[in-house]
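A short write-up of the structure that comes next.
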Amino acid sequence: MTDQNRKAFIKSYGCQMNVYDAERMGEALNAEGYDLSDSPEDADLVILNTCHIREKASEKVYSELGRLKKQKEAGKEKGKELKIAVAGCVAQAEGKEIIARQPAVDMVFGPQSYHKLPELLKQSNNTKHVVDTEFPVEDKFAALTKRAPKAIKQRGKTAFLTVQEGCDKFCTFCVVPYTRGAEFSRPFEQIMSEAEALANAEVIEVTLLGQNVNAYHGLDKNGKEWGLGDLLFHLAETRPEFKRLRYTTSHPRDMDQRLLDAHRDIPEVMPYLHLPIQSGSNTILKAMNRQHERDDYLRLMDKIRDAQPDIALSGDFIVGFPGETDQDFEDTMDIIRRVTYAQAYSFKYSPRPGTPAADKATQVPEDVKSQRLTELQALLNEQQIQFNRSKIGQEMDVLLERFGKKEGQLVGRSPWLQAVYVDAAPEQMGQMVRVKITTAGANSISGDII
Ligand code: SAH
Ligand code: SF4
Ligand code: F3S
């Protein structure tokens, strides 16, 4: 059978990098004659693009696979073949163990192999199981750049652009250095060529992506090194099509002056910074191998506010890291009170196989973790509502991105990444509109187009 007229369904878990990867896999499959489907039911190929960051995220995959196995068996009776593929970070971490646990899986491939998807599909027509978890990250980006101008037809008005992948920091709780490999910065020209393709596709908001995006240090063809701040200055200068520039996720150790300058000097760089600290306790920061102290972070936050007083700050927090005492937790609460966040993510520590912290004897009991998380989230929630309320009465640009639940309602993003609800005509989708904010809740604000 040929791959013409076949349908593929891709489901992504985890971070924005996985969303980006799923889009690129979709483009590769389109080129192979597959149509993308919105649901697994009528698909000939289902790819689960997985996340390994916490146990819950990982385990979700196996329950989904159990469901797909049933679909595969039911299809077989009707003469329909379903191919099941596991991609992403669980694939990288567990490799062929996935097939041992769920033999209905046909293909397993890691985040550095998806550009080989057509080839892997061909292999899987002849072999029972295909497993590819190698690490040639350069090949992937080279293949991607070659395909970009043809593949990028319509990514909507907002798009991700991966500039950096992987991580060398080895925080003791984290699987990313193992699943995404060593830190790799994409060459400058590749990024600019993808940016050009996005501009041609009428994208107006670009988010530069990387697991440690501000560690970006790519080379151009003359051997000159570019930092993330340099990239932002260059994009603002050469790509007036982009009205908004964003980037994520940053690490406190890699915030340099040039990036702060970009926030100060470039109107297109949105006033939003996601800068995780994880814990406010120096003891815990050290045990996490974050390689900075709480005061370094607080000083950095002051500098950012000096450069861009209007900035919305965001972060990630882990409660219940091994050895975390009540005092350590209080130090985290104290950091949150001092910084005041516009928005943040918080998690209970989840021991991950193969990471140093998972073997510590000082694991914190589950009920203590839950109690701390509730307390921390109450404080963050309060700050988030406060921040949202501070926008009532303000006029701002909103880029309309999706339909709301109510008829006649569109949802967009404010410069500070808040979800903004407005009454608008469907034709206004994708437009940047001026909105006066009238109400604010915990997770969104709303107003009238003026
Ligand atoms: N590169 C980013 C984070 C990537 S992972 C950084 O350095 O900040 C996204 C978030 O998941 C982390 O910031 C952390 O808060 C959370 N996380 C990672 N590993 C975790 C674990 N084992 N348990 C709970 N949360 C975890
Ligand atoms: Fe994980 Fe730390 Fe790297 Fe972030 S910096 S991806 S938390 S190891
Ligand atoms: Fe998850 Fe991998 Fe992203 S573990 S958070 S999908 S880098």
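Just a few scattered comments:
- Qualifying positions in the stretch 354-384 - more than 16 Å from ligand 3 (Cβ to nearest atom), assigned to a helix (DSSP H, G or I) and either assigned by TED's automatic domain parsing to the domain that holds Glu55 or under 19 Å from Ile53 (Cα atoms) (or both): Pro356, Asp359, Glu366, Lys369, Ser370, Leu373
- Counting only strands (runs of 3 or more DSSP E) that fall entirely inside the stretch 1-77 and contain at least 2 residues that are within 26 Å of Gly210 (Cα to Cα), within 16 Å of ligand 3 (Cβ to nearest atom) and in contact with a strand residue (DSSP E or B) (Cβ under 8 Å, 6 or more places away or on another chain), the qualifying elements are 6-12, 45-50.
- Checking Arg253, Arg290, Arg305 one by one, the residue that is away from ligand 2 (no atom under 16 Å from the Cβ), of a type in the set (D, E, K, R) and at pLDDT 95 or above is Arg305 and no other.
- Some residue of the stretch 311-322 being in a helix (DSSP H, G or I), outside the structural domain of Gly441 (by TED's automatic domain parsing) and among the hydrophobic types (A, V, I, L, M, F, W, C): no
Residues are listed down the side, and each one gets a yes or a no for (1) closer than 29 Å to Ile311 by Cβ; (2) within 27 Å of the chain's Cα centre (by Cα):
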| site | (1), (2) |
| --- | --- |
| Thr362 | no, no |
| Arg372 | yes, yes |
| Glu375 | yes, yes |
| Lys391 | yes, yes |
| Lys405 | no, yes |
| Val420 | yes, yes |
| Ser446 | yes, yes |
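- Within the stretch 192-213, tally of residues that are outside any helix (DSSP H, G or I) and closer than 18 Å to Ile266 by Cα: 5
- Check on Thr179, more than 14 Å from Ile47 (Cα to Cα) and within 15 Å of ligand 3 (Cβ to nearest atom): yes
- Breaking point among (1) more than 16 Å from ligand 3 (Cβ to nearest atom); (2) surrounded by fewer than 20 Cβ atoms within 10 Å (Cβ to Cβ), for Ser350: (1)
- The residues of the stretch 285-323 that are under 21 Å from Asn381 (Cβ atoms) and more than 16 Å from ligand 3 (Cβ to nearest atom), listed by number, are Met301, Ile311, Ala312, Leu313, Val319, Gly320.
- Single match in Gln377, Gln394 (criterion: farther than 15 Å from Asp316 by Cα and either surrounded by fewer than 20 Cβ atoms within 10 Å (Cβ to Cβ) or within 16 Å of ligand 2 (Cβ to nearest atom) (or both)): Gln394
This table checks each residue for (1) more than 15 Å from ligand 2 (Cβ to nearest atom); (2) within 19 Å of Arg246 (Cβ to Cβ).
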site: Gly166; (1), (2): no, no
site: Val175; (1), (2): no, no
site: Met192; (1), (2): yes, yes
site: Leu198; (1), (2): yes, yes
site: Leu208; (1), (2): yes, yes
site: Lys224; (1), (2): yes, no
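- Any hit, the stretch 68-91, residues being more than 16 Å from ligand 2 (Cβ to nearest atom), of a type in the set (S, T, N, Q) and either surrounded by fewer than 19 Cβ atoms within 10 Å (Cβ to Cβ) or over 20 Å from Phe9 (Cβ atoms) (or both): yes
- Qualifying residue in the stretch 277-285 (condition: more than 15 Å from ligand 1 (Cβ to nearest atom), within 24 Å of Cys171 (Cα to Cα) and outside any loop (DSSP other than H, G, I, E, B)): yes
The values are calculated or read from the model by the stated rules, or taken from the named source; none is laboratory data. Values in this document were obtained by computation on a predicted structure and should not be read as measured data. In this analysis, Cβ positions are derived from the backbone assuming ideal geometry, glycine residues included, and neighbour counts consider all displayed protein chains.
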